[in-house]
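Just so it is clear, none of the values below were taken in a lab; they were calculated from the coordinates. Owing to the predicted nature of the structure, the values given are computational and were not obtained by experimental measurement. Heads up, the Cβs are rebuilt from the backbone with ideal geometry, glycines too, and the neighbour counts pull from every protein chain shown.
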C-alpha cells in the first residue's frame, strides 16, 4: 500500500517536474530571443556608428596587469581621461578620437598581436605604445608599416630617425636623462656636500654601480650612456647588480654592492622594485647616494620606501599629480569625472604623463589633419614640424623640438629629490648647452 | 587509440600502420591542407594571420614540453631556456657570420638540443620534484645569466636588438611580412608534428612511453633509460631551438624578455589544457591559450567602448580597468575549471567525438 502511494506520489511529482521543465524551456527560449535581439541591435547600432566618417582611431597599448603595472595603471587612466577631454573640446579639428585601449600584461608576444590588431582590424592611424622591449621589438615592423608610434619607452635607441623613423617619445630620452642625473649628482652633491668631503679631498674616484633588471631592455637601455658619462666624469665603475622588476628582496645584491663600496647607485627599474632596493640599502647601511629613472621616481616611492627614500634623487618627466601646474584643474576634473572610484590622493605623476602623451599625439594629428594628411607619413611629418612647441608646458613638460634628423624631444633634464617624504624638483640641466660638442654624437644610443 | 569506423577491415600490416587509414581521413587531411595553405592566408586577414603565427609558435614551443612531460614523464619548467638558445644561435649566426636562415634554423635546433641534454643530465639521477628544480635551474642559468650577460652582448648590440629587414632569407625568398612568416610557420609545424608522430611510433617512442609509465619496469625490460631520457631531452631541446629560431623571424627582434620563466609555465599550461600525452593536445592547447585571451580582449573592448553598450550602461567604461583584471582572472579560472572537469584536456573530448562518429550508429 505504502509502495503504491509512493509510486502514485512519485508519478504525481514527475508530472509537476515535467511541467516545470516545459516552463523552464520557455523561459530559456524567451531569454535567448531577448539576448539575440540585443546582440543584433547592438551590432546594428555599432555598424551605424562605425560608418561615422568623422572619427580618428587611436590605439593604446597599456600594461595594467604585468611587471610594470605599478606605474602602468595610472597612465592608462590618464590616457583615457585626456582623450575624453580632447573629445569634449572638439577632438581632432572636429573629428572624434576613438580610443582602442588594450592591456598586454607586459608580454611581448601579446604586444605583437595587439599591434597587428591595431593595424589590420581596428585600423588606427597611430599607436600609443608602452614598454621598451615591445617597442624596440616592434620597431622594424612599424617602420615597414609606416605607423607612427608614440611610446612610453623613451629609450635612446628609438630617437634616431635614420634607424627608427616612425618612433617618437614624449619625454627626455632615457640616455640623456641618465647622463643628466649622474652629472647633476657629480656637480651638486659630490663636489659640494659635506658627506663626501673626506673622500673628495683624498682625491678618491667616486664608485658607481647600476641596480637594474639586466634582462630587461627597459632597464638596460640607458646603461651604456650612463657608464660612458660616468667614465667621462671620472667615476670608478662597478658591476651591474641584477634586480628583477618584481623583486621584493635585494639583500644579496646590496651586500655585494657594499663590498664594492659603491658611492652612487643608479636605479633603472620601476617604483616597486626600486623601493625594495632602497629599503634594503637603508637597512644594510649601504651608505651610498641613489639616483633613479623617472619611472621609479613618483609619489608612491616615499610611500613604499619610507625614510629609505629620503634624499634620493630622481628624474621628473612632468608635473606630479598634486603639484601646481597650469593644467591641474582639468586633470583633476577629468580624474574625478571619469574615475570617481580612484581616490585623488592615490593618483600619481603617471596620470599626468598619460595627459602629456595624448596631448602630444593630438597636436601631431591636428597638424597632420590641417595639412590634409591624417595618415602615418602625414603624422610623422607633423611631429617633425614641432619647434619649441609650448603645448606640454602646462603639464610641467618641456618645450618640444622634433626634427627629421633627431627625435629627442628635449635636451633639458629635470632633476628632483625626495624631501620630507615628497618628491620635489631641485634643478635642471640643459645637456645640449652643457656638452655641445658631444650632443650630436649621443643620438640613437 | 582510436577506433576504426564500422565496416573498415584491414587485411595486412601496411593498412594497419598507415597514417590515414580511410578515404574519409584522407579527405579531411586534404581539406586541412587546403585550409592552412590557401584559405586562411587568403581570407583571414593579416590580424588573424598574425594570431595564427603566435599559435604556431606556441605549438612549436610546446611540442618539446609535450614530449618530455607527456611522453617521457620528465617534468620540465625551464623550456623557455632552450627556445632562447635557439633564437640567439640563429640570430647571431645570421648577423655575425651571415649564414643563410635554414642553416641557422637547424643549428639553432641542434644547439638547443645539446644545451637541453646538459640540463637533462640530472634526470639520470633525480626524478619528480627534484628534476623540476633542475629544469628551473636551466631557465635561470641560461636566460638570466648566460644569455643576458654574455651571449646577447656578442656583436655589441646590447641586451635586446632588432634584426634588420631582409636578413631572414630562404634561398631567393625573403621572410619579412606576416604572410611569409605564416607559410614558414605552417611548414615548420607540419614538419615537426610529422617528425614527432613518427618518433613516437618507433622503438624510441615506445621506450619513452615505457619510461613514463614505469621507469624501473622499463629498465628490467632492457630499455637503456639514461640514453632514452637524454635523447628525449635532446629532441625536446631541438624542437625548442627550432621554435625560438622561428620566433625571431616573426618578431624581427630578440630579447631575453621573450623567454622568461612565465613562458615556461605557460607552455606547461598549454599541454595541461590541451591534453598531456597527446600530439593533438599540443595543438588544441596552443589554440586555446592564444585564442581565448584574444577573444576576451575583443569582448572587453565591445563591453567598455562600443557605443551601444556604453549608451545602455554608462558605467561600463569606468569598469575598463577592472575588466582588464577580470580577463586575467577569467583565464586563471578557465585553467582551474579545466583541471577539475576536463583533466584529460581538450584532446580527450576530440577523441570522444571522433569515436562517437566512427562507431555510429552502434556505439555500444
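Considering only A:391, A:156, A:265, the mean-square fluctuation computed in a Gaussian network model of chain A, springs between alpha carbons under 10 angstrom, is largest for A:391.
For the protein assembly as shown, the spread of Cα positions along the three principal axes, ordered from largest to smallest, is 97, 68, 65 Å. Against chain A, whose longest principal axis is taken from its Cα atoms, helix A:349-370 shows a tilt of about 80°. When both region B:17-52 and region B:165-212 are represented by their alpha-carbon centers, they are found 16 Å apart. With neighbours defined as other Cβ atoms within 10 Å of a residue's Cβ, the residues A:259, A:151 order from fewest to most as A:259, A:151.
Quotient of the Cα radius of gyration of chain A and 2.2 N^0.38 Å, N being its number of residues: 1.21.
Give me a single rounded figure for A:119-125: the average over its residues of other chain Cβ atoms within 10 Å of their Cβ. Display every interim value, and only then the final one.
Numbers: counts 4, 8, 7, 2, 1, 0, 0.
Across A:119-125, the average partner-chain Cβ count within 10 Å equals 3.
Computed from Cα atoms, the angle from the helix A:174-184 axis to the main principal axis of chain A rounds to 40 degrees. Classification of region A:267-358 by its C-alpha gyration tensor yields a prolate form. The axis ratio a/c (a ≥ b ≥ c) is 1.5 or more, and a/b outweighs b/c. Comparing A:74, A:88, A:298 in a Gaussian network model of chain A where C-alpha atoms under 10 Å apart are linked, the largest mean-square fluctuation is found at A:88.
Spatial offset of region A:278-314 relative to region A:243-275 amounts to 10 Å, using the alpha carbon center of each.
Applying D = kT/(6 pi eta Rh) to region A:148-254, where Rh is the Kirkwood radius over alpha-carbon pairs, T corresponds to 4 °C and eta to 1.567 mPa s, the Stokes-Einstein value obtained is 83 µm²/s. Considering only alpha-carbon pairs that sit under 8 angstrom and 6 or more positions apart, the relative contact order computed for chain B is 28 percent.
Can you sort B:154, A:254 from fewest to most other Cβ atoms within 10 Å of each residue's own Cβ?
On the way: B:154 12, A:254 26.
Result, fewest neighbours first: B:154, A:254.
Angle, helix A:2-50 long axis vs. longest principal axis of chain A, Cα atoms, 0 to 90°, nearest 10? Roughly 50 degrees between the two axes. The Cα center of region B:105-146 and the Cα center of region A:82-149 differ in position by 38 Å.
Which one, A:396, A:238, A:268, has the greatest fluctuation when you compute a Gaussian network model over chain A with C-alpha springs under 10 angstrom? Looking only at A:396, A:238, A:268, the biggest GNM fluctuation is shown by A:238. Peptide A:98-110 is shielded by partner chain Cβ atoms: per residue, an average of 6 of them sit within 10 Å of its Cβ.
Working from the pairwise distances between different alpha carbons, so that the mean of 1/r is found and then inverted, what is region B:189-301's Kirkwood radius in Å? The answer is 16.2 Å. Each semi-axis of the equivalent ellipsoid for region A:177-311 is √(5λ) with λ an eigenvalue of the Cα gyration tensor; in descending order they amount to 22, 17, 14 Å.
Can you classify region B:113-249 as rounded, prolate or oblate using the Cα gyration tensor, where a ≥ b ≥ c are the square roots of its eigenvalues, rounded means a/c under 1.5, and otherwise it's prolate if a/b beats b/c and oblate if not?
On the way: a/c = 3.59, a/b = 1.51, b/c = 2.37.
Taking the square roots of the gyration eigenvalues as a ≥ b ≥ c, region B:113-249 is oblate.
Computed over chain B, the alpha-carbon pair-distance distribution with 20 angstrom bins reads 26, 56, 18, 1, each value a whole percent.
Residue exposure proxy: B:140, A:235, B:362, ordered by other Cβ atoms within 10 angstrom of their Cβ from fewest to most, comes out as B:362, B:140, A:235. Averaged over the residues of peptide B:248-259, the number of Cβ atoms from other protein chains lying within 10 Å of each residue's Cβ is 6.
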